[in-house]
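The numbers here are math on the coordinates, done by the rules we state, and not lab data. Remember, it's a predicted structure, so these values are computed and weren't measured experimentally. Don't worry about glycine lacking a Cβ; one is built from the backbone with ideal geometry, like all the others, and counts go over all protein chains shown.
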Amino acid sequence: MLSLPWEYTAGGFYVASFQIAVDCIMSSNSHTLREFCMSSSVHGFELLRDERIPEINSRARLYRHIRTGAELLSLENDDENKVFGITFRTLPMDDTGLPHIMEHSVLCGSRKYPVKEPFVELMKGSLNTFLNAMTYPDKTCYPVASQNLQDFYNLVDVYLDAVFNPLLSPYTLKQEGWHYALENPEDEMTFKGVVFNEMKGSYSSPDSLIYDQVIRQLFPDTPYGLDSGGDPEKIPNLTYEQFLYYHRTFYHPSNARIFFYGDDAPEKRLQMIDAYLQNFEYKQVPSVIPLQARASQPRRVRLPYEVGTEEEAPRHFIALSWMLPEVPDAHEALTLSLLEHVLIGTPASPLRKALIESGLGEDLTAANLTLDLRQPVFSVGLKGVASENLERVEALILETLQQLADSGVDAETLWASLNTLEFRLREQNTGSYPRGLFVMLQALALWLYDKDPIEALRFEAPLRNLRQRLTQGERLLEERIRRLLLENPHRVTVILDPDPALAERRATAERDRLEQARAAMSPEQLQQVVEETRELKRRQETPDSPEALATIPTLKLSDLEREIRRIPSEEHTLAGIPTLYHDLFTNGIVYLDLAFNLRVIPQEWLGLLPLFGRALTEMGTARQSYVQLIQSIGQKTGGIWTQLFLSAAPERKDAEAWLVLRAKAMLEQTPDLMALLQEILTSVRLDDAERFRQMVLEEKASLETRLIYSGHRMAATRLRAGLDEAGWLSEQTGGVSYLFFLRQLAREVEQNWAEVQARLEGIRDRLLQRQGLRANVTVHREGWQTVQPALSDFLAALPQRAVLPSQWTVQAPPAQEGLIIPSQVNYVGKGGNLFEAGYTLHGSMYAITQYLNATYFWERVRVQGGAYGGFCSFDPYSGAFLMLSYRDPNLLKTLEAYDQLAQYLRTLHIEESERVKAIIGAIGELDAYQLPDAKGYTAFVRALLGITDERRQRLRDELLNTQPEDFRRLADAVENLAHHGRIAVLGTEPALQEAAQVRGLNLQRIL
């Protein structure tokens, strides 16, 4: 038994009284009461609440499992994208990352499904629309989603057995958590483990580090003061006994919140859950999150973070953060959300604006409101701050808050933020994620802390109440600024100082620890480490038996739709502009996309395009300042923004390159939307040098953050830059080349603004006009009758100029490249063009990449190599094939794995069941669930690329008929990549120096 580092208090009247009830029911002396309870139950559950929630068009039924006390929230609606989730309150006991490692480990085999990784088997052959698990500071969630009913039931059953009956062998901890790696007694001993390397990557990112420290420093006396993800320096302290104890303690039904959402049968939900829960009895789990005692005065903490070299002007991070009182209900949660949006939600928000315009830093950091802790946190800060300005940043934040509390929040800002929040609540747009997943997390924000989960989902009454009180002149936000922030002494200031020696100190400390551990081992113990390393490798390389694999429930090919899914589309011409219309139910919202052809832009101006897109909505117009414009957008629409669409196209060398202006509004707001769009496109201001400089610095800081946090994406962009024009364009506008451009542009804005402004105006004059314009509208049929004439008038009023297309010349980066960043891990990429290597596109490629990601790359790079992730991707339009790793302790070994892929394909004997799984998984990717706006945009993109339904159907037919020889047919083209492929690695200097000697990489420090 382990002693816990804090004291638990009783769970209050609810837990105590429920325990008495359970004891009474289960007692042999309470036969009558037990008979009564059991007779009124449904599959072991008693119904507590049964209500309608119009806000999410659902019937909500809240149940309690009689035997165990587990609560189940069942939401019934017509959403075909069904969601299940089971959540446990999981409190960290130390900094070893036990909650995080356990999240990984329970998905590595269970009693009913005794394969090495059921999670991966599901990845291979499921139609899931979500399949993952997430660790938070106080909970671990296991959600799944699927549109296919049988697939959904399969996912639910595998996850239930995983969390309640995991195998959890010592080798699971070694693989997912940490272990000493030593294949031969004379080798150098190292640490390996998936979570160990994942958290090394996290601790290398200053943006992640500062927010992690904000939470830890605000809650020093509670579990929040510990790292649920794991400190890499502490992870090797975790023992197998602690590992098992943790699961026994926290992964019990009495500590579970169970969630269902969608159109599946409500009673079946209870039946499935009771089949697992009936094997347990009630247990009082010590998982109540204690309250942090309020501090009497603010605190300040300084910590180092990794940088590559000594900087001429060292860049510091600083964040001010407050612990707030518990949120009692949905009314207060909505008020706090409004406060956050008012203060920092847009470039016009007063606190964000004051910080950015101060010139004291480059961009915000740790800026958000965290409502999913028992005591919420509000935090705001700046990155890229000079040492002498740290005090000024802190003073500016407090002064701005004081001014807002005294003078009041600007009414236009207030109503714009409220309209934005209301639009988001009503639209329920969760992008590519299932709506039910977000509903679950929303419910947990109260439910996890023993409050009402149903109330958390209602917003009409809180919204009505909030609007009424604000209309009556109540200073709700000003009062909270004063009480929760200015007069709240429970505040911490966290400062991160750049330390170019930190990486070496960490590496030295790790080497010293390993050497000391090795020196303390007897020869017999050292040999045991060797044997355990070899045994772990043997287990990882040994495939699951056919009998074990047969336990994983799968679909059949006959369960799949053979026909492609078509999106309703109509071609129109409005005011001479080709316009695509999609008749889809959008709940009264109109979605509009305007695509401007980038072929008119000279090559030397391409790097300005992302900033020009931002300038359209963030620099104001002839009539409105940028603050007023952002307020107008917030008040009168659901949002206006831009994005670049850059893609290779089938059977064409040239890329499709467009700047897309996207907008959405309630149907009755159509006139306001059109008026705003016309104002933006015809009178955008591009003469504010200081505002543009701020945007350049924000963009630069954001990109530098991505180098470490999403290094695999940056490596992919770098690889693609040498493979096709679309990849090169993406690199110029979002990759390492773009970062170099931004650094130079920041100097140009200060030294030669007139030239920069002239280029921006040149882009406007060439781009924002009718030539080459395409429009796209998604709205229901009745709404189209309203939108069509307004859109036609709007398009007719746009200027038209004759502009000749520009010629672009692709300038590829070095073919073998190592980019040095301050990180403890690497992001390793290699790739090439399969079409140029002789491969002909075939629909089977979708199944092949699906299979390789779940087998070869998962096993070689992640499981055996210890990286957090490894995968391949293929662009069916250009032929670009990329192999990438994420938070990888290796470099050369990973490149060797990439080069051995061709041999793997040649000798592959794929079982029939594996072939079927690969096809099913690929179909799941192709048929990914989409909300109406995403469907309309997808159809628009297909039209721009010239992708016909006939082509899609042909590739689908080929996919459904994927054969083993299709895998082997790919081997020759992949073999070409082994010898001639491009390499791009973002990583640590020592690893890259070694790779430069072995692989001849060209090295360049980029951060």
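To the nearest 0.05, how large is the calculated FRET efficiency for Arg968 and Arg801 if R₀ is 51 Å and r is the Cβ-Cβ distance?
Efficiency, rounded to the nearest 0.05: 0.40.
With the contact rule set at Cα under 8 Å and sequence spacing of 6 or more, what percent relative contact order holds for segment 299-499?
Relative contact order comes out at 39 percent.
Find which of Phe152, Gln953, Leu768 sits farthest along the positive direction of the dipole of the chain, computed with +1 on the beta-carbon of Lys and Arg, -1 on that of Asp and Glu, about the Cα centre.
Of the listed residues, the answer is Leu768.
If you filter segment 591-655 for GluC sites (Glu not before Pro), then keep DSSP loop positions with at most 12 other Cβ within 10 Å, what is left?
Counting only loop positions with at most 12 other Cβ atoms within 10 Å, the GluC sites (Glu not before Pro) in segment 591-655 are Glu651.
Using a simple spin-label model with points 7 Å from Cα along the Cα→Cβ vector, what separation in nm is obtained for Asp410 and Thr508?
With each label placed 7 Å out from Cα toward Cβ, I get 5.2 nm.
Counting other Cβ atoms within 10 Å of each Cβ, which trypsin sites (Lys or Arg not before Pro) in segment 578-671 have at most 11 and sit in a DSSP loop?
Those that pass, being in a loop and sparsely packed, are Arg623.
Quick check: pseudo-label points 7 Å beyond the Cα along Cα→Cβ at Ala548 and Arg52, how many nm apart are they?
Label-label distance for Ala548 and Arg52, simple model: 5.2 nm.
Please state the Cα pair-distance histogram of segment 594-796 with 10 angstrom bins from zero: what percent is in each bin?
Percent of pairs per bin, in order: 8, 32, 35, 21, 5, 0.
Percent antiparallel among DSSP beta bridges with both residues in segment 299-499, to the nearest 5?
Taking every DSSP beta bridge within segment 299-499, about 70 percent pair in antiparallel fashion.
Quick one: work out Rg over Rh on the C-alpha atoms of segment 524-640, Rh as Kirkwood radius.
Over the Cα atoms of segment 524-640, Rg/Rh equals 1.29.
Full extension from Asp765 to Glu241: what is 0.36 nm times the residue separation minus their Cα-Cα distance, to one decimal in nm?
Gain on extension, Asp765 to Glu241, equals 181.8 nm.
Please report the antiparallel percentage of the DSSP beta bridges confined to the chain, to the nearest 5.
80
Which pairs, out of Lys112/Lys268; Lys139/Lys353; Lys451/Lys636, put more than 29 Å between their alpha-carbon atoms?
Over 29 Å Cα-Cα: Lys139/Lys353; Lys451/Lys636.
Treat each spin label as a single point 7 Å out from the Cα along the C-beta direction, and report the Trp641 to Glu460 distance in nm.
2.9
Rounded to the nearest 500, what is the chain's calculated 222 nm mean residue ellipticity when only DSSP H runs of at least 4 contribute -39500 (n - 2.57) each, over all residues?
-14000 deg cm²/dmol
Could you please state, rounded to a whole Å, how far the C-alpha centre of segment 638-660 is from the C-alpha centre of segment 320-372?
After rounding, the separation between the Cα centres reads 33 Å.
What percent does the relative contact order of the chain come to when contacts are Cα pairs within less than 8 Å and at least six residues apart?
14
Could you tell me how far the Cα centroid of segment 888-963 sits from the Cα centroid of segment 65-89, in Å?
Measuring centre to centre over Cα atoms gives 32 Å.
Residues of segment 686-724 with backbone nitrogen within less than 15 Å of a virtual label 7 Å along the Cα-to-Cβ line of Asn368, please, listed as ranges.
What the label zone holds, given the 15 Å backbone N cut-off, is 706, 709-710.
Each residue of segment 592-608 in order: what ³J(HN,Hα) in whole Hz does its phi give by Karplus 6.51 cos²θ - 1.76 cosθ + 1.60, θ = phi - 60°, with x for Gly and Pro?
10, 10, 10, 9, 10, 6, 7, 5, 8, 8, x, 4, 6, 9, 4, x, 7
Pick out, in residue order, every one of the trypsin sites (Lys or Arg not before Pro) in segment 497-571 that is DSSP loop and has at most 15 other C-beta atoms within 10 Å; say none if there are none.
Lys556, Arg562, Arg565, Arg566
Evaluated at 25 °C with a viscosity of 0.890 mPa s, what Stokes-Einstein diffusion coefficient in µm²/s does segment 816-1005 have when Rh comes from the Kirkwood expression over alpha-carbon pairs?
138
Pull out the extension gain between Glu668 and Glu479, defined as 0.36 nm times the separation in residues minus the alpha carbon to alpha carbon distance; nm, one decimal.
Computed gain between Glu668 and Glu479 is 64.6 nm.
For Arg952 and Thr938 in the same chain, what is the full-extension length gain: residue separation times 0.36 nm, less their Cα-Cα distance, in nm?
Roughly 3.7 nm would be gained on extension.
Based on the Kirkwood radius over alpha-carbon pairs, what is the Stokes-Einstein translational diffusion coefficient of the chain at 37 °C with 0.692 mPa s viscosity, in µm²/s?
My calculation gives 108 µm²/s for D.
If amide H atoms are built 1.01 Å from N in the plane of the peptide, which residues on other chains or at least 5 residues away come under 5 Å of the amide H of Phe130?
Excluding prolines and chain starts, which carry no amide H, the hits are Ala145.
Quick one: P(r) of segment 295-451 from all Cα-Cα pairs, 10 Å bins, percents rounded to integers, in order of increasing distance.
In whole percents, the pair-distance histogram is 9, 32, 33, 21, 5, 0.
So what's the gap between the Cα centers of segment 94-166 and segment 734-794, to the nearest angstrom?
That distance is 43 Å.
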